[in-house]
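Asks: Questions regarding the structure given below will be posed in turn.
Every read-out reported here was derived from the displayed coordinates using simple, explicitly stated rules and does not represent laboratory data. Keep in mind that this is a model prediction, so the values were computed, not measured. As a convention, Cβ positions derive from the backbone with ideal geometry for all residues, glycine included, and neighbour counts pool all protein chains shown.
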Amino acid sequence: MKNIVILISGSGSNMAAIVQAAQADHWDKRLDARISAVISNRPNALGLAFAKSQGIATAVVEHTAFATERQPREAFDAALMTTIDTYQPYLVVLAGFMRILTPGFVAHYAGRLVNIHPSLLPAFTGLHTHERALQAGCQFAGATVHRVTTELDHGEILAQAVVPVLAGDTAETLAERVLAQEHVMYPRVVAQLLTRG
């Protein structure tokens, strides 16, 4: 069985879309795969309740607990890896996981670590992508699923969804339309990755 571990920091709407696709498309039977765990760095992440309601194991590794460490990011990532590895992941899927990962973490999951970013990479890496797209006068925005590398929001592009920027768009209205496309694209890409080995 190919285990998928999903990392979240908030509502987990992309995680929920992946879980629902896995159920509707019978990934367990068709792809020999399952969502084995949802892990958050925030104990109050709303997505944890959804995962529990679906019978999925959940865990929390709070990044704030490592603030006093000499190397807090490395210590947090080491603890996170220990938790993830108990599920023997075939894929580790970042779904709104708001942490910059250390090179050691990325190397540990090389080839198995994917992320979704709310822009048409390589444009607008980092935060506030929709505001920046509007300020730049872009006619199109969108989202990108990519493999994770040590460089923020880089790595092989696996899929992109394009959304037109409409007259009168705000960052919020644009984000809403992009997110709707993310919910379609991300489960599809994860399913494709499960068929490659």
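Asks: Select from the range 106-136 the residues that are touching a residue at least 24 places away in the same chain (Cβ under 8 Å), of a type in the set (A, V, I, L, M), closer than 23 Å to Val163 by Cα and not in a helix (DSSP H, G or I) and list them in ascending order.
Replies: Within the range 106-136, Val114, Ile116, Leu120, Leu121 meet the criteria.
Asks: Could you run through the range 86-105 and say how many residues are crowded, with 19+ Cβ neighbours inside 10 Å and either of a type in the set (Asp, Glu) or part of a loop (DSSP other than H, G, I, E, B) (or both)?
Replies: Count: 5.
Asks: Hey, among the residues in the range 9-29 that are farther than 13 Å from Pro187 by Cβ and part of a helix (DSSP H, G or I), which one's farthest from the chain's Cα centre (by Cα)?
Replies: Lys29
Asks: Would you please name the residue that is farthest from Ala59 (Cα to Cα), looking only at residues in the range 18-30 that are surrounded by fewer than 19 Cβ atoms within 10 Å (Cβ to Cβ) and among the aliphatic types (A, V, I, L, M)?
Replies: Ala24
Asks: Go through (1) within 13 Å of Val5 (Cα to Cα); (2) assigned to a loop (DSSP other than H, G, I, E, B) one by one and return the number of the condition Arg70 breaks.
Replies: Checking Arg70 against (1) within 13 Å of Val5 (Cα to Cα); (2) assigned to a loop (DSSP other than H, G, I, E, B), the one that fails is (1).
Asks: For the range 36-66, what are the residues that are aromatic (Phe, Trp, Tyr) and touching a residue at least 24 places away in the same chain (Cβ under 8 Å)?
Replies: Result: Phe50, single match.
The rows are residues; the columns are (1) more than 27 Å from Glu151 (Cβ to Cβ); (2) among the hydrophobic types (A, V, I, L, M, F, W, C).
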| position | (1), (2) |
| --- | --- |
| Asn41 | no, no |
| Phe50 | yes, yes |
| Arg73 | no, no |
| Phe76 | no, yes |
| Ala79 | no, yes |
| Val92 | no, yes |
| Ala95 | no, yes |
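Asks: Turning to a different aspect of this structure: If you go through the range 10-49 one residue at a time, how many are closer than 20 Å to Thr86 by Cβ, hydroxyl-bearing (Ser, Thr, Tyr) and in contact with a Gly (Cβ under 9 Å, 6 or more places away or on another chain)?
Replies: The total comes to 1.
Asks: How many of the residues making up the range 170-197 are part of a helix (DSSP H, G or I), over 15 Å from the mean Cα position of the chain (by Cα) and under 15 Å from Arg112 (Cα atoms)?
Replies: Count: 2.
Asks: Still on this structure, please answer the following. Please specify each residue of the range 137-148 satisfying the condition of being surrounded by fewer than 17 Cβ atoms within 10 Å (Cβ to Cβ) and either in contact (Cβ under 8 Å) with a residue 12 or more places away in the chain or under 30 Å from Pro103 (Cα atoms) (or both).
Replies: Gln139, Phe140 - these are the residues of the range 137-148 that are surrounded by fewer than 17 Cβ atoms within 10 Å (Cβ to Cβ) and either in contact (Cβ under 8 Å) with a residue 12 or more places away in the chain or under 30 Å from Pro103 (Cα atoms) (or both).
Asks: Can you name every residue in the range 36-93 that is touching a Phe, Trp or Tyr at 6+ places or on another chain (Cβ under 9 Å), under 23 Å from Ala107 (Cβ atoms) and acidic (Asp, Glu)?
Replies: Glu69, Glu74, Asp77
Asks: Okay, next question. Filter the range 154-171 for residues that are touching a residue at least 40 places away in the same chain (Cβ under 8 Å) and either more than 18 Å from Pro122 (Cα to Cα) or among the β-branched types (Val, Ile, Thr) (or both); which is surrounded by the fewest Cβ atoms within 10 Å (Cβ to Cβ)?
Replies: Only one residue fits best here, namely Val162.
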